[in-house]
Amino acid sequence: MLYRLLRPALFTLDPEQAHELSLKWLEHRPAGPPPVAGPLATDVAGICFPNPVGLAAGYDKDARVPDAMLGAGFGFVEVGSITPRPQAGNPKPRLFRLAADRAVVNRMGFNNGGAEAAAARLARRTGTGIVGVNLGANKDSPDWIADYSHMARVMAPFATYLAVNVSSPNTPGLRALQDAGALGALLDAVLAARGADGPPVFLKVAPDLQPADIDDIARIALERRLGALIVSNTTITRPPMKSVQAAETGGLSGAPLLPLALQALRDFRRATGGEIPLVGVGGITSGVDAWQRIRAGASLVQLYSALVYRGPNIARTIADDLERLMHRDGFATIAEAVGTE
């Protein structure tokens, strides 16, 4: 209710200003306790998630408020993308609300304060909730694989899991790392850098892949025994929309992404044969959306753009709805429901 009252005022601000304001507000208020394991608890990659509703990378790029977001009811929080060196990102404006479509377009370009500052913040954490670290590479780096390896080495001590992001459309050429040859070399380097006893490695993929690419990525993920695949990042395609900002360059997220991201999840479920956990992302705005993604093969779900339109209580609302839907459909656990559509 409070957010609904505040939203009109927030929407008069530039989207990036509003985003920064929300982070500063969270930094200066006490963080509540993270969720505890209950009926929605589920194990993925050797990690016990208290509920399957996570915050996707992009909101907290610099690991400023992970515990505050856990206190808002998220079962896990993914910070980043973080690069080895600080990076300003692309020129502004670079973030656009598509309110008529409940969507967002961004071309941020991995803007963040760098690995050293983020690692220092994570080292000071006193909370116990699950925090994944999304790894990126500097745009001007001569060796992107070396950047990802460095990030894995630096962040492994502070991360519950590491997410390798090679699917952002806002760093030219980055998505080429999803090609079979490059991806295998990249993951081998990351796995070696994080250490034998390091956290599991997840891979975040684009929703705009061809069938052959999906099969190659699935094979490589299975061969490397990755912890999970995160399906999917933003899209460079544009379904029919009402907002004039839809023509802006960048990655589209929010409600219009739902059909494409759902199909990508189904494609990866088929390609992996259910042998690797999937994290469903893209267009999730309700418990019904999250439940559909779980029934389609996701062990966990993530959201970000829905925060813009529904506010910070969305995690608790979706978790409550998931518990109701799980019992309605006769499942005792989330794991039982995965892939049963």
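Read-outs: derived from the displayed coordinates by stated rules, not from any lab. Keep in mind that what you see is a predicted model, and the values were worked out from it rather than measured. Note that each Cβ is placed from the backbone with ideal geometry, even for glycine, and that neighbours are counted across all protein chains shown.
Couple of notes before you dig in:
- Calculated FRET efficiency for the pair Asp14/Gln210, C-beta based, R₀ 35 Å, to 0.05: 0.45
- Farthest towards the positive end of the charge dipole of the chain, among the residues Ile220, Thr333, Gly58, is the Cα of Gly58, using unit charges on the Cβ of Lys, Arg, Asp and Glu.
- The stretch 157-232, relative contact order in percent, only Cα pairs under 8 angstrom and at least six apart counted: 38
- Label-point separation, Asp179 to Arg324 (7 Å along Cα→Cβ), nm: 4.9
- Positive-end extreme of charge dipole, the chain - chosen from Ser243, Ile47, Thr126 (charges on Cβ): Ser243
- Amide N proximity, the stretch 302-318 versus Arg7 label position 7 Å along Cα-to-Cβ, cut-off under 17 Å: 303-318
- Most positive-pole-ward Cα, Leu262, Gly114, Gly195, against dipole of the chain from beta carbon charges: Gly114
- Dividing the helix sum by the residues of the chain, where each DSSP H run of 4 or more adds -39500 (n - 2.57), gives a mean residue ellipticity at 222 nm of -11000 deg cm²/dmol.
- Overall, the chain carries a charge dipole of about 780 debye about its Cα centre when +1 sits on the Cβ of Lys and Arg and -1 on the Cβ of Asp and Glu, all other atoms neutral.
- When Thr234, Thr285 are arranged by Cβ crowding within 10 Å, least crowded first, meaning fewest neighbours, the order is Thr285, Thr234.
- Take every DSSP beta bridge whose two residues both sit in the chain; close to 30 percent of them are antiparallel.
- Gaussian network model of the chain, Cα within-10 Å springs - most flexible of Val244, Val201, Val44: Val244
- For the stretch 162-289: rounded, prolate or oblate by the Cα gyration tensor [a/c cutoff 1.5]: prolate
- Gyration tensor verdict on the stretch 138-183 (Cα atoms; rounded if a/c is under 1.5, prolate if a/b is larger than b/c, oblate otherwise): prolate
- Percentage relative contact order, the stretch 1-104, counting C-alpha pairs under 8 Å, at least six apart: 23
- Two-site label geometry, Leu23 and Thr249: point separation in nm, points 7 Å out along Cα→Cβ: 2.4
- Length-normalised contact order for the chain - Cα pairs under 8 Å, 6+ apart - percent: 18
- Going from the fewest other Cβ atoms within 10 Å to the most, the residues Ile294, Ile236 appear in the order Ile236, Ile294.
- Residue order, fewest to most beta carbons within 10 Å, for Trp144, Trp291, Trp25: Trp25, Trp144, Trp291
- Label of the coordinate-derived value, volume of the Cα convex hull per residue in Å³, listed as [x] 124; [y] 132; [z] 292: [x]
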